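J.: Take a look at this one; I'll ask things after.
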């Protein structure tokens, strides 16, 4: 009972409070983390894992730029997914492979960090199959929850 | 359970009791990502400056939030109710209570042609020849830039709709202290000059300003006439031929499955031109989400397919017209590389 109550309450709170900014056409999900870059990176990776995804790689965009002589603050892209899901989607809809695995990019802005991702629902514009919708919807909802946790990481 | 219901009742009416608390929650969710929690700016311009708040009305703020600025990053918040937008406006206003100026009707009788010339002389260095605004975003300081704050687009339909003549007159007369925006007096401009400039700015309202909705697919797909291995090599060679550096070749599920268990029929090729990457990030730091460049080669039911994102959707995704040209060029490059690798 306790658990149920807590879950309902959690869901309720999420409904009320989750409002990850949907910029423009509603296909970019974006939040400002109140934490600095290294802390945000840790929170983000832990949260992604808590949602059952595996992080496959972190692309260090800033390192490449700096090595080539350009000035930039810290900028990384985190790739993640569930092997089974990624494989299934890529096998069934190879045209979606360009967007797999999922990714979230983050860059420092002073003492805070901007974190963003493309909403997977936009892929319905490539393939609009009933069989695909539930998984895209879940990815989208997981992404929004992950970003919301990152946004609130100071509380 | 009783406690849950009670809490539910307490929580549900929250958005209806519109006060500053709601305004803050909504602002933090929707605006802080670009304008900062305290309105200091970021990807967006600063909103908390006294020189800004004392020159714009609540109607200006409301209209700006509702309609956004098409093609200039600032989104239109069509999903928020009037009440929610008003709550956000009240919250922004609470940073500088009592700062709202009284907007009286001002009729502009100016010489548009002369105004255009004055604009080019006094304003274009920052706002651009056609008042299209300076490139880049807000005050993002993660990379070097010319102006500490980007100069907004003044030919923008969203801006012109929100801005009353009184607001324009006031802003140009007073400038914005604490930003690069100078006062008219400091530029040696008289009242008549300002009216002429406003008349010229207003003529942009008659332009067809609506951005066409993007119809193109978010992906580029091309079938290859070669086998997987040859196609991958071809992509690498074609990318190199276009002055890209190959930075990584990996299996699609590499890192997701145990080493050695990867699906070898799905290969990603990453390539980059750091000069291009740097330029793109300076226009909009968010595009790094789709960079460096990437092409994926897949063997599927005995056929080899090459897929990539379609870069032209980026400018729409980010509501940033500045990206239009670069994205078109990028698409061209992708197409050429993919064609060279597959035909």
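The values are calculated or read from the model by the stated rules, or taken from the named source; none is laboratory data. Note that the structure is a prediction, hence the values are computed from the model and not measured. With ideal geometry, Cβ positions are generated from the backbone for all residues, glycine too; neighbour counts draw on all protein chains shown.
J.: So, residue B:161, is that one within 23 Å of residue B:75 (Cα to Cα) and surrounded by fewer than 18 Cβ atoms within 10 Å (Cβ to Cβ) or not? Before the answer, list the steps.
T.: On the way: within 23 Å of residue B:75 (Cα to Cα): yes; surrounded by fewer than 18 Cβ atoms within 10 Å (Cβ to Cβ): yes.
Yes.
J.: Could you list, in sequence order, the residues of region B:251-286 that are within 30 Å of residue B:44 (Cβ to Cβ) and assigned to a strand (DSSP E or B)? Step through it out loud before you land on a result.
T.: Residues of region B:251-286 within 30 Å of residue B:44 (Cβ to Cβ): B:272-286.
Listed by number, the list holds a single entry, B:272.
J.: Hey, any hits in region A:79-86 for a residue that's at pLDDT 80 or above, assigned to a helix (DSSP H, G or I), surrounded by 14 or more Cβ atoms within 10 Å (Cβ to Cβ) and within 9 Å of another protein chain (Cβ to nearest Cβ)? I'd like the intermediate steps shown before the answer.
T.: Within region A:79-86, the first condition is being at pLDDT 80 or above, and the residues that meet it are A:79-86.
Subset that is assigned to a helix (DSSP H, G or I): A:83-86.
Retained after the next criterion (residues that are surrounded by 14 or more Cβ atoms within 10 Å (Cβ to Cβ)): A:83, A:85-86.
Filter once more, keeping what is within 9 Å of another protein chain (Cβ to nearest Cβ): A:83, A:86.
The answer is yes; a qualifying residue exists.
J.: Which condition number in (1) over 24 Å from the mean Cα position of the chain (by Cα); (2) without any contact (Cβ under 8 Å) to a residue 40 or more places away in the chain; (3) on the phi < 0 side of the Ramachandran plot is the one that residue B:106 fails?
T.: In the conditions (1) over 24 Å from the mean Cα position of the chain (by Cα); (2) without any contact (Cβ under 8 Å) to a residue 40 or more places away in the chain; (3) on the phi < 0 side of the Ramachandran plot, residue B:106 misses (2) alone.
J.: Within region B:285-294, is there a residue that is farther than 25 Å from residue A:53 by Cα and either modelled with pLDDT under 90 or touching a strand residue (DSSP E or B) at 6+ places or on another chain (Cβ under 7 Å) (or both)?
T.: Residues of region B:285-294 that are farther than 25 Å from residue A:53 by Cα, as a first pass: B:285.
Pick out the ones that are also either modelled with pLDDT under 90 or touching a strand residue (DSSP E or B) at 6+ places or on another chain (Cβ under 7 Å) (or both) and you get B:285.
Looking through region B:285-294, at least one residue is farther than 25 Å from residue A:53 by Cα and either modelled with pLDDT under 90 or touching a strand residue (DSSP E or B) at 6+ places or on another chain (Cβ under 7 Å) (or both).
J.: Could you check residue B:314 against (1) within 23 Å of the chain's Cα centre (by Cα); (2) without any contact (Cβ under 8 Å) to a residue 24 or more places away in the chain and say which number it fails?
T.: Going through (1) within 23 Å of the chain's Cα centre (by Cα); (2) without any contact (Cβ under 8 Å) to a residue 24 or more places away in the chain one by one, residue B:314 breaks only (2).
J.: Now a separate question. Scanning for something over 17 Å from the mean Cα position of the chain (by Cα) and farther than 25 Å from residue B:240 by Cα, does region B:266-282 turn up at least one residue?
T.: Among the residues of region B:266-282, not one is over 17 Å from the mean Cα position of the chain (by Cα) and farther than 25 Å from residue B:240 by Cα, which makes the answer no.
J.: Would you mind stating whether residue A:95 is out of contact with any helix residue (DSSP H, G or I) (no Cβ under 8 Å at 6 or more places or on another chain), modelled with pLDDT under 95 and within 7 Å of chain B (Cβ to nearest Cβ)?
T.: On the way: out of contact with any helix residue (DSSP H, G or I) (no Cβ under 8 Å at 6 or more places or on another chain): yes; modelled with pLDDT under 95: yes; within 7 Å of chain B (Cβ to nearest Cβ): yes.
The answer is yes for residue A:95.
J.: Here's a follow-up. Would you be able to say whether some residue in region B:248-267 is surrounded by fewer than 19 Cβ atoms within 10 Å (Cβ to Cβ) and touching a residue at least 40 places away in the same chain (Cβ under 8 Å)?
T.: no
J.: What helices (runs of 4 or more DSSP H), lying completely within region B:24-130, carry at least 2 residues that are away from chain A (no Cβ under 14 Å) and modelled with pLDDT of 90 or more? Talk me through it step by step, then tell me what you get.
T.: Details: elements: B:32-35, B:50-53, B:58-67, B:82-93, B:112-122, B:124-127.
The helices (runs of 4 or more DSSP H) meeting that bar are B:50-53, B:58-67, B:82-93, B:112-122, B:124-127.
J.: Of everything in region A:105-143 that's over 21 Å from residue B:138 (Cβ atoms) and touching a strand residue (DSSP E or B) at 6+ places or on another chain (Cβ under 6 Å), which residue is nearest to the other protein chains (Cβ to nearest Cβ)? Before the answer, list the steps.
T.: First, pick out the residues of region A:105-143 that are over 21 Å from residue B:138 (Cβ atoms): A:119-143.
Next, from what is left, pick out any that are touching a strand residue (DSSP E or B) at 6+ places or on another chain (Cβ under 6 Å): A:119, A:126, A:143.
Numbers: A:119: 9, A:126: 5, A:143: 12 Å.
Selected residue: A:126.
J.: Among the residues of region B:206-231, which ones are assigned to a helix (DSSP H, G or I), away from chain A (no Cβ under 14 Å) and at pLDDT 90 or above? Step through it out loud before you land on a result.
T.: Within region B:206-231, the subset assigned to a helix (DSSP H, G or I) is B:206, B:228-231.
Pick out the ones that are also away from chain A (no Cβ under 14 Å) and you get B:206, B:229-230.
Hits for region B:206-231 are B:229, B:230.
Each row is one residue, and each column tells you yes or no for (1) within 9 Å of another protein chain (Cβ to nearest Cβ); (2) more than 27 Å from residue A:85 (Cα to Cα).
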| site | (1), (2) |
| --- | --- |
| B:265 | no, no |
| B:272 | yes, yes |
| B:277 | yes, yes |
| B:293 | no, no |
| B:310 | yes, no |
| B:313 | yes, no |
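J.: With respect to the numbered conditions (1) under 16 Å from the mean Cα position of the chain (by Cα); (2) touching a residue at least 40 places away in the same chain (Cβ under 8 Å); (3) farther than 22 Å from residue B:268 by Cβ, which one is the sole condition not fulfilled by residue A:46?
T.: Against the list (1) under 16 Å from the mean Cα position of the chain (by Cα); (2) touching a residue at least 40 places away in the same chain (Cβ under 8 Å); (3) farther than 22 Å from residue B:268 by Cβ, residue A:46 comes up short only on (2).
J.: Is it the case that residue A:33 is more than 18 Å from residue A:139 (Cβ to Cβ) and either within 14 Å of the chain's Cα centre (by Cα) or at pLDDT below 85 (or both)? Walk me through how you get there before you give the answer.
T.: Values: more than 18 Å from residue A:139 (Cβ to Cβ): yes; either within 14 Å of the chain's Cα centre (by Cα) or at pLDDT below 85 (or both): yes.
Answer is yes for this residue.
J.: Also, quick follow-up: What is the number of the single condition among (1) more than 11 Å from every other protein chain (Cβ to nearest Cβ); (2) buried (at least 17 other Cβ atoms within 10 Å of the Cβ); (3) assigned to a helix (DSSP H, G or I) that residue B:237 does not meet?
T.: For residue B:237, the failing item is (2).
J.: Scanning region A:44-69 for residues that are part of a loop (DSSP other than H, G, I, E, B) and modelled with pLDDT of 95 or more, which turns out nearest to the other protein chains (Cβ to nearest Cβ)?
T.: Looking only at region A:44-69, we keep the residues that are part of a loop (DSSP other than H, G, I, E, B), and these are A:51-53, A:68-69.
When the remaining residues are screened for being modelled with pLDDT of 95 or more, the result is A:51-53.
Values: A:51: 14, A:52: 12, A:53: 9 Å.
Ranking the qualifying residues of region A:44-69, first place goes to A:53.
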